[in-house]
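One structure below.
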Amino acid sequence: MSQAELFIKPLTSWMDGSGIDSDIVLSSRVRLARNICQIPFPNRANIAQLSKVEENVEEIIPELAEATGKTYQSMSIDKLSTLERNVLVEKHMISSNHIMNPENRLVIVSEDDKISIMVNEEDHLRIQCMVSGLDLGATLEMASKIDDTIEAKLDIAFTEDMGYLTSCPTNLGTGLRASVMMHLPGLVFTRQINKIMNASTQLGLAVRGLYGEGSEVIGNIFQISNQLTLGFSEQETIDNLTSAVLEIMTHERAARKALYAQSPDVVSDKVWRSYGVLKYARTITGNEALALLSEVRMGIDLNIIHNVPAKVFNELLVSSRGNYLQNLKDNGNLSPNEIDRQRAAMIREVLMNGSND
Amino acid sequence: MLCDDCKKNQACVHLTQITNTQKIDKHLCEECAKKYGELIFNVDQKFSVDDFLAGMFNNGSIDNSQMKVMTCPNCGMTYRDFSRTGKIGCNVCYTTFAKKLEPLLRRIHGASSHIGKVPKRSGGQIELKQRIKQMRNTLANHVTNEEYEQAAKLRDEIKEIEKEFHEGE
Ligand SMILES: [Zn+2]
Ligand SMILES: [Zn+2]
């Protein structure tokens, strides 16, 4: 995807609805935190040191391309418009933290959007790999390959006992954060989600909303990730997370089935009404859109709605976001009301083109 | 999300507290949150790991008088900077402030040490040691699960690798 396309295309290949168990698992992601020896961490580094890190990393891009068979583009955050920066956050390509101090910050993105490397975020390097559906093994393998290539060129901070040294001591050890984005309307509607969240916390997992740390739950989308990084190998970490996700998935499927079996009329009325609102609304907020989209998606998964392809949901997850919409209209000064109007128009159009009725 | 305590009101505060023995993680409504008084670290939207860690630095039981003047030779970070930001300055800081960091790390990670990937340039010996550490963990699991046959087999394998390790030293 070219740089221009990156900002205007709603679907990224790691969220296109393909892959294993993708009816419930939207995407799997792995992030490795790495730092270069002797250079102060970004929060402590001066401009010269930050640009040295940028230089060091950019020099490795040809090797990265060769090792992974992909091409990469490097973008300076401060060269992007505010809207473009926020679109990258909405697409989960970079963290919101990464645009706080845009100077001397880079993001290196692979052509297929599956790899993004943040330079000078909280750590010198944050290597992120993402795939559609449930496959943490594939993402870890990809991230490790990139890590190997970088480590062959740069002196990465590491000690035998503490593992990879990170700016925040909570990431010490593997520096690995694996997370899985799940769509769990069944557990929410049957009021079991709190039980699941408590159990996950006890297993050392964190459960968050769509946009990470502290974010509220919208569209019944949850991110489940590991919290512990020291004392567990990379493989153990993703195995533990995967088995928790499979367990949650079993409960979600059971909950949907039970809901539909118990009150088929109520469920199908609810999902069709949501579809109706989305299809004809003239103005709609981002949160309402996601809530309704979640119900329509569940209706598709339950075989109640046939005429809409499931990936419309994935697409609208991104394209109904405020910054994306404004960037598309090339206008960062739209009023909230105008954004809600544009959003409704966009959803109508997507549903019109995507459906077969 | 409903409040974990009263299960009635909408939760708006995220309480995280780590003591020596356990971790408390709760979502609370405003009413119930008041009961926890000063223990509240953050409101859901604005939860910051940094503030939390800075707080933990300040709650350390070690005598701080000496630490306060200590400075990292590589990045110039002082102990005071730590207690303010909760962030480490550079990789050398981990050695400079090792003593002070130890109780903090134990509170975050338990008594664990690193298991997993090792940079290739740090040499094969560490990698071998890591492998032995991991196998010992698996061995302990087998014993807990009373899988004695697998445990015995693994024990022999560990012995083999340890022999190889000492020859390499
Ligand atoms: Zn309450
Ligand atoms: Zn330092």
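The values are calculated or read from the model by the stated rules, or taken from the named source; none is laboratory data. Bear in mind that the values here come from a model prediction, so they are computed numbers and not experimental data. Cβ: placed from backbone, ideal geometry, glycine included. Neighbour counts: every protein chain shown. Accessible surface is based on the protein model in full, side chains and every heavy atom, while ligands, DNA and RNA are left aside. Shrake-Rupley method; radii C 1.70, N 1.55, O 1.52, S 1.80 Å.
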For A:164-176, what's the mean count of beta carbons from other chains sitting within 10 Å of each residue's beta carbon?
6
Which residues of the range B:106-120 show a drop of at least 50 Å² in accessible area when all protein chains are present, compared with their chain alone (probe radius 1.4 Å, heavy atoms only, ligands and nucleic acids excluded)?
B:His109, B:His114, B:Ile115, B:Lys117, B:Pro119
Kindly list the residues of the range A:167-183 that lie in the label zone of A:Thr201, defined by a backbone N under 11 Å from the point 7 Å along the Cα-to-C-beta vector.
none
Can you give the extra length, in nm with one decimal, that the chain gains between A:Ser76 and A:Lys145 once fully stretched, where that is 0.36 nm per residue apart less the Cα-Cα distance?
22.5 nm
In the range A:219-244, the residues losing 50 Å² or more of accessible area (1.4 Å probe, heavy atoms of protein chains only) relative to their chain alone are A:Leu230, A:Gly231
Reachable lysines from B:Lys117, criterion Cα separation under 18 angstrom, eight or more residues apart if same chain
A:Lys145, A:Lys153, B:Lys129, B:Lys133
With each label point set 7 Å from Cα along the Cα-Cβ vector, what nm distance links A:Glu5 and A:Ala65?
1.7
What accessible area per residue, rounded to a whole number of Å², is obtained for the range A:3-256 using a probe radius of 1.4 Å?
35
PRE zone check, label point 7 Å out along Cα-to-Cβ of A:Glu338, amide N under 17 Å, scope the range A:58-92, hits A:82-84
Tell me, what is the 1.4 Å probe accessible area of A:Ser268, in Å² to the nearest 10?
30
Calculate how steeply helix A:47-68 sits against the longest principal axis of the alpha-carbon atoms of chain A, using the helix alpha-carbon long axis, and give the answer as 0 to 90 degrees to the nearest 10.
70
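Give the carbon-plus-sulfur fraction of the accessible surface of the protein assembly as shown in %, rounded to a whole number; probe 1.4 Å, heavy atoms of protein chains only. Mind showing how you got there, number by number?
Values: 11870 of 23850 Å².
Result for the protein assembly as shown: 50 percent of the exposed heavy-atom area is carbon or sulfur.
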Loss of accessible area when B meets A, both sides summed, Å² nearest 100, probe 1.4 Å:
3700
Write out the trypsin sites (Lys or Arg not before Pro) in the range A:239-335 meeting two conditions: DSSP loop, and at most 16 other Cβ atoms within 10 Å of their Cβ.
A:Arg282, A:Lys329
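Which GluC sites (Glu not before Pro) from the range A:107-179 combine a DSSP loop assignment with at most 16 other Cβ atoms within 10 Å? Don't jump to the answer; show the numbers that get you there.
Values: sites: A:Glu111, A:Glu121, A:Glu122, A:Glu141, A:Glu151, A:Glu160; in loops: A:Glu111, A:Glu121, A:Glu122, A:Glu160.
Taking the range A:107-179 and a limit of 16 other Cβ atoms within 10 Å, the loop GluC sites (Glu not before Pro) found are A:Glu111, A:Glu160.
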Whole number please: convex hull volume per residue, Cα atoms of the protein assembly as shown, in Å³.
176
Report, in degrees rounded to the nearest 10, the 0 to 90 angle that the Cα long axis of helix A:234-262 makes with the longest principal axis of chain A.
10
